[in-house]
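K.L.:
The structure is given below, and queries will be raised subsequently.
The values are calculated or read from the model by the stated rules, or taken from the named source; none is laboratory data. The structure displayed is predicted, hence computed values, not measured ones. Heads up, the Cβs are rebuilt from the backbone with ideal geometry, glycines too, and the neighbour counts pull from every protein chain shown.
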Amino acid sequence: MRKQRMFSGFIALSLALTATGCGNSGSQENGAKQAQANKTESASPVTLTVFQNGAEITDEDFQLMFSEPVKKKYPHISLKIVRPDKSVTLDSLIAAREVPDILLTPNSGILGLKQQDLLFDLTPLVKKQSLDLARFNPVAIEAVKSDKGELWGLPYAMQFNALYYNKDIFDKFGKSYPKDGMTWDETIDLGRQLTQKDGGIQYRGLDPASSYVMSFPYSLAYVDGKTDKASMDNEKWKQVFELAKTILTIPGNAQPSPEPSAAASGNLFIKERNVAMLASTNLMAQIGSASEAVNWDIAQYPSYKDKPNISGKLDSHNLSISKTTKYQDDAIKVLEVVTSDEVQLLGARKTARMSPLLKEDMKKQFGAEVSYLKGKNVQALFKSGVSPSPLYSIYESNGKKIGQQKFRDYLADKIDLNTALRQADEEINKAISTVK
């Protein structure tokens, strides 16, 4: 009897230990998760400064796509945006040893930041945070890599081009609205038909914004990033100059602005309302926020015959982490959140930002919560791709100023085309030598 009780006790003890063992497995797993959660919650509070280095973002959008989602996932991280002005520049912050933790920059500014010794290869941090780069448009990722494969940043938005048109002008002259997939020749022909004077108003059929914007599909640069030498005296720049002049010398279609740009042409399209078509960059917010809305829509950006369905070159807005930050692990968490599917979809729906992610939802839901895009042909934006980004030189802005002036001289018949491009190269190289 005693043996039986001892045996029964042994079984009971064994069952208890077994149950305890199984329970411990789950408890250990839950405990590990809780420990990780507590670790995140109890991490020391940190405020990371984010410097806007040419990649503009409003306070509202910064809260929506940066501050709020980061705080939601990582409560210990706060973000503070720093914008350049007359007294605050990146150089002044570097001199004061107040280098920002994170830098918002277009891909054209990456090389400059690298040459200031502000960047480092993010590859180890990306792997540590388990970020999947295959989710991104490969052209956008290549634009933030060095020729050695070093990763200088992550893209969070991409620029786009579109053909904006004023429906009232088309209706006035009885012309069909522009269609997706038109070539430049077809668009110019339509522009000629719409360049008319009526009721004392000169209507312009087509505004190409600038020769600079028209150069995007060929990935042209004013200065070769590999050599820091001018790169305008070639057949592609010649083609761009010739086509831009063809458009702007249609009788009655001249640009009134002495300094043509996407923003200036956008203002004319919105306020003067005498431009039938505007081929330009992302002006949707500018048009949508106008006090008196123009009756507009968009079509696919015109294509060069040898570049079908290419609307521009890769122009992305990116997040880079400063080499000097003390908070690398926290900074990469910010990049993780901002480039997440959830936040990217939020940006596409609410701010009409083109996401660098390949996920189809980013296209299908683009502008879904933007009131001024209701009923607009926004899917036209996704019928075109982009050409790779050129390798930019830190002297690109010097070259751009001279190159655009040479186009104006050519447009005004002050010099012929070959002379314009030859002089552009000569003057750009001279300017670079002076700066050096």
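K.L.:
Only one residue in ALA352, ALA348 is assigned by TED's automatic domain parsing to the domain that holds ASP91 and at pLDDT below 95. Which one?
P.N.:
Details: ALA348 fails: at pLDDT below 95.
Among ALA352, ALA348, only ALA352 is assigned by TED's automatic domain parsing to the domain that holds ASP91 and at pLDDT below 95.
K.L.:
Scan the stretch 173-197 residue by residue and report those that are without any contact (Cβ under 8 Å) to a residue 40 or more places away in the chain and more than 22 Å from LEU248 (Cβ to Cβ).
P.N.:
GLY174, SER176
K.L.:
Separate question: Go through (1) within 25 Å of GLN63 (Cβ to Cβ); (2) touching a Gly at 6+ places or on another chain (Cβ under 8 Å); (3) of a type in the set (Gly, Ala, Ser) for GLY347 and report which single condition fails.
P.N.:
(2)
K.L.:
Then there's this: Output yes when any residue across the stretch 251-273 is at pLDDT 95 or above, within 26 Å of GLU396 (Cα to Cα) and touching a strand residue (DSSP E or B) at 6+ places or on another chain (Cβ under 6 Å), and no when none is.
P.N.:
There is no residue in the stretch 251-273 that is at pLDDT 95 or above, within 26 Å of GLU396 (Cα to Cα) and touching a strand residue (DSSP E or B) at 6+ places or on another chain (Cβ under 6 Å).
K.L.:
Now for a separate question. Could you pull out every one of the strands (runs of 3 or more DSSP E) wholly within the stretch 149-247 that has 1 or more residues that are surrounded by fewer than 16 Cβ atoms within 10 Å (Cβ to Cβ)?
P.N.:
Qualifying strands (runs of 3 or more DSSP E): 196-198, 201-207.
K.L.:
Let me ask something additional. Can you pull out the residues in the stretch 212-230 that are closer than 13 Å to VAL240 by Cα, small (Gly, Ala, Ser) and in contact with an Asp or Glu (Cβ under 9 Å, 6 or more places away or on another chain)?
P.N.:
ALA221 - this is the single residue of the stretch 212-230 that is closer than 13 Å to VAL240 by Cα, small (Gly, Ala, Ser) and in contact with an Asp or Glu (Cβ under 9 Å, 6 or more places away or on another chain).
K.L.:
Quick one: count up the residues across the stretch 316-365 that are of a type in the set (A, V, I, L, M) and within 13 Å of the chain's Cα centre (by Cα).
P.N.:
Taking the stretch 316-365 as the starting set, the residues that turn out to be of a type in the set (A, V, I, L, M) are 319, 321, 331-332, 334-335, 337-338, 343, 345-346, 348, 352, 354, 357-358, 362.
Filter again for within 13 Å of the chain's Cα centre (by Cα), leaving 319, 348, 352, 354, 357.
So the count comes out to 5.
K.L.:
Tell me the residue from ASP315, ASP297 that is acidic (Asp, Glu) and out of contact with any Ser or Thr (no Cβ under 9 Å at 6 or more places or on another chain), please.
P.N.:
Just a single option satisfies the conditions, and that option is ASP297.
K.L.:
Okay, next question. Would the stretch 130-142 turn up any residue that is surrounded by fewer than 14 Cβ atoms within 10 Å (Cβ to Cβ), modelled with pLDDT of 95 or more, over 21 Å from the mean Cα position of the chain (by Cα) and not hydrophobic (A, V, I, L, M, F, W, C)?
P.N.:
yes
K.L.:
Okay, moving on. Which members of the stretch 23-79 meet the condition of being modelled with pLDDT of 95 or more and more than 30 Å from ASN107 (Cβ to Cβ)?
P.N.:
Across the stretch 23-79, the qualifying residues are PRO45, PRO75, HIS76.
K.L.:
Turning to a different aspect of this structure: Please determine, by comparing only the residues of the stretch 47-88 that are assigned to a loop (DSSP other than H, G, I, E, B) and free of Cβ contacts under 8 Å to residues at least 12 places away in the same chain, which one is farthest from the chain's Cα centre (by Cα). Give the steps one after another, and end with the answer.
P.N.:
Narrowing the stretch 47-88 to residues assigned to a loop (DSSP other than H, G, I, E, B): 53-58, 74-76, 83-88.
After this cut, where a residue has to be free of Cβ contacts under 8 Å to residues at least 12 places away in the same chain as well, the list is 56, 58, 85-88.
Details: GLU56: 10, THR58: 14, ASP85: 22, LYS86: 25, SER87: 26, VAL88: 24 Å.
Per the criteria, the residue is SER87.
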